[in-house]
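The values are calculated or read from the model by the stated rules, or taken from the named source; none is laboratory data. Treat the numbers as computed from the prediction; the structure is a model and nothing was measured. Methodologically, a virtual Cβ is constructed for each residue, glycine included, from the backbone with ideal geometry; neighbour enumeration extends over all protein chains shown.
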Amino acid sequence: MPVFNLIDPTLATIAEKVAAGTRLSREDGIALYASNDLLGIGQMADFARRRINGDRVYFMVNRHINPTNICRNRCKFCAFARNADEPGAYEMTLDEVANAAAEGAADGAYEIHIVSGLHPDWSYEFYIDMVARTRAAVPDHVIVQAFTAVEIEHMAIISKKTTREVLSDLKDAGLDALPGGGAEIFSDRTRVAAWDKKTKGDVWLRIHGEAHELGIATNCTMLYGHIETTDERIDHLILLREQQDKTGGFLAFIPLAFHAANTELEDLPATTGFDDLKTLAIARLMLDNIPHVKAFWIMVGLKIAQIATAFGVDDIDGTVVEERITHMAGATTPEALSKDDLVTMITEGGRVPVERDTLYRIVKMYAEESAAPAWHAGEIGAPPLVGVAKGTVATGGHSAATE
Ligand code: V47
C-alpha cells in the first residue's frame, strides 16, 4: 500500500480510496478543493497517474490552425472573436488552410488541430471541404483533429442535419478526432452569465458521445479561473466522468486556465500556480476513467506544466506553432516550442519522454522504461482505441495487449 505524507488529516479517507483504486465521490472532490495540502493532493495524484501511465510523459509535434476569428457567438471570456467589420477580423481561404496543414506535416507534425469562430457566412460544404482539403494535404499518418462541439452544433444548424449526421459527413471527409474545446463549465449559471449563446452542457456531452459511437476519439476540457465556483468545477468533472462511463472515447482531459486580457472579464485576476497544480491533480484523482491529463503549457506556462508532471499530469501537449486564442487574451508564453525543449522539460523530472500522435500511439520513445504502463495505445499504425476506456482505467485494467 502506498504511504502518503498528508499534512491535512481530513484527506485520510480519500487517501485510502486512492490507494485502493476506489472512485472518489462529489464530496471527496469538494474536500480536495477545500484543502490547502497541495503536496498531499499531488502525491495522491502522482500515484494515480503512475498506475495508469507508468513513467511516461507524452508530447507531440502538432500544428494549430485557427481559420477565422469571425464569430457570431461573442462569449465574455473570449478575446479572439471579432465581428466581420471589426479591426483585426480575418478569414483564411481553403488554400491557405491546406497550405498551413501541408507545412505543418512537412515540419513533422502528427496532428493538425483546427478550431475557428462561428463564421456567419461559411456554408456547410465549406466546412466539409476544409476537412477534405486538409486530409488531402497531409500524409495518412497525420491525424486531422478539427472542430469543437460548438462548431459541430453550428454546422448542424446551418445544414439542418443532426449533429450525428454532421459528424458522420466529417468523418467521411477525413476527420479523425475532435478537440476538447467549448465545454467551458457545464453549469447553467455560468453559461447564462458569460456565454449565453453557446452550446449547452448536455448538448456538448451528447455530441462527444455521438463522436465516440462513430469511432471518432475526442478530448475534453474545463475553462477555470473566471466566475465559476470550485463546486461547479467538481460537477463538471463528474459529468465528464459519467459520459466516459457511457461512451469511453475521451482520451485526454485538459484544464484551461482563464486569461482575462482583452475580454469582458478583464478585471479578474489570473489563476495562481497553486490553483493550477491543484486543479490538474484533482482532475487526475476524479477522472479515474480518462487515460490522460494534459497540462497545456501555452495556458499554464512552461514552469507549471513541467512541475505538473509531479502532480498527476502525463502529457504536456505539443510544439503548437501559432496559437491565437490564449495569446490574444494576454498569454505571455512562447507560441511554439521545439521537440528538444519538450524532451528536456520531461527528462528533468526523471520521466520517459514519449512522442505520440493524437490517439496516443507511439511515434518515438526518448528513453528506456522499466515496465510498460497499464494504458498503452500501441505504436503508430495500431488500430485506434476509441470507446474502450469505460471504467477500466482506474485500476490499470486496460492494456492494448489484452484488447
Ligand atoms: O474552447 C477561450 C478556451 C478553448 C480563453 O483538445 C480560453 O487537445 C483561456 O480547447 N482564456 C480552445 N482559455 C483551446 C482548446 C484546446 C487547447 C489545447 C488542446 C486541446 C485538445 C484543446 O480555449 C476554447 C475555450 O474553452 N478559451 N478563451 C481565454 N481567454
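Tally time: how many residues in segment 204-234 are farther than 18 Å from PHE296 by Cβ and among the polar types (S, T, N, Q)?
The number of residues fulfilling the criteria is 2.
When you scan segment 228-340 for helices (runs of 4 or more DSSP H) that lie fully inside it, which ones turn up with 1 or more residues that are farther than 26 Å from SER35 by Cβ and more than 13 Å from the ligand (Cβ to nearest atom)?
In segment 228-340, 230-247, 302-308 are the helices (runs of 4 or more DSSP H) which contain 1 or more residues that are farther than 26 Å from SER35 by Cβ and more than 13 Å from the ligand (Cβ to nearest atom).
Within segment 345-387, track down each residue that is among the aliphatic types (A, V, I, L, M) and part of a loop (DSSP other than H, G, I, E, B).
Correct list: LEU359, ALA367, ALA371, ALA372, ALA374, ALA377, ILE380, ALA382, LEU385, VAL386.
Determine the pairs where a residue that is closer than 13 Å to LYS197 by Cα and free of Cβ contacts under 8 Å to residues at least 40 places away in the same chain, located within segment 57-79, has a partner that is assigned to a loop (DSSP other than H, G, I, E, B) and within 11 Å of the ligand (Cβ to nearest atom) with Cβ atoms under 9 Å apart, the partner being 6 or more residues away or on another chain.
Close Cβ pairs (under 9 Å, with a partner that is assigned to a loop (DSSP other than H, G, I, E, B) and within 11 Å of the ligand (Cβ to nearest atom)) do not exist here.
Report yes if some residue within segment 177-188 is away from the ligand (no atom under 16 Å from the Cβ) and at pLDDT 95 or above; otherwise report no.
no
Find all pairs meeting these conditions: Cβ atoms under 7 angstrom apart; at least six residues apart or on different chains; first residue within segment 158-175 and farther than 16 Å from TRP122 by Cα; second residue of a type in the set (D, E, K, R).
From residues that are farther than 16 Å from TRP122 by Cα, the pairs are THR163/GLU153; THR163/GLU210; ARG164/GLU210; LEU167/GLU210; ALA173/ARG135; GLY174/ARG135.
Could you go through segment 194-217 and let me know if any residue there is within 12 Å of the ligand (Cβ to nearest atom), among the hydroxyl-bearing types (Ser, Thr, Tyr), buried (at least 22 other Cβ atoms within 10 Å of the Cβ) and in a strand (DSSP E or B).
No - not one qualifying residue is present in segment 194-217.
Residues being at positive phi and buried (at least 16 other Cβ atoms within 10 Å of the Cβ): count how many of those fall in segment 157-175.
Selection size over segment 157-175: 1.
Of all residues in segment 136-153, which are assigned to a helix (DSSP H, G or I) and in contact (Cβ under 8 Å) with a residue 40 or more places away in the chain?
ALA149, VAL150, ILE152, GLU153
Restricting attention to segment 36-86, and to residues there that are away from the ligand (no atom under 16 Å from the Cβ) and of a type in the set (Gly, Ala, Ser), which single residue is nearest to ARG351 (Cα to Cα)?
Applying the filter and picking the extreme gives GLY54.
Please work out if ARG23 is out of contact with any Cys (no Cβ under 8 Å at 6 or more places or on another chain), touching a residue at least 40 places away in the same chain (Cβ under 8 Å) and either closer than 30 Å to ASP140 by Cβ or assigned to a helix (DSSP H, G or I) (or both).
Taking the combined requirement at face value, the residue does not satisfy it.
Could you give me the residue pairs with C-beta distances under 6 Å whose first residue belongs to segment 177-193 and is among the small types (Gly, Ala, Ser), whose second residue is part of a helix (DSSP H, G or I) and crowded, with 22+ Cβ neighbours inside 10 Å wherever it lies, and which are 6+ apart or on separate chains?
Listed by first residue and then by second, the contacts come to GLY182/ALA149; GLY182/VAL150; ALA183/TRP204.
Could you give every pair whose Cβ atoms fall below 9 Å, whose first residue belongs to segment 320-335 and is among the acidic types (Asp, Glu), and whose second residue is away from the ligand (no atom under 13 Å from the Cβ) and at pLDDT 75 or above, counting only separations of at least 6 or pairs across chains?
GLU322/ALA100; GLU322/ALA336; GLU323/ALA336
Just the residues that are in a helix (DSSP H, G or I) and either under 17 Å from ASP231 (Cα atoms) or not hydrophobic (A, V, I, L, M, F, W, C) (or both), please, taken from segment 26-40.
Residues satisfying the conditions are ARG26, GLU27, ASP28, GLY29, ILE30, ALA31, LEU32, TYR33, ALA34, GLY40.
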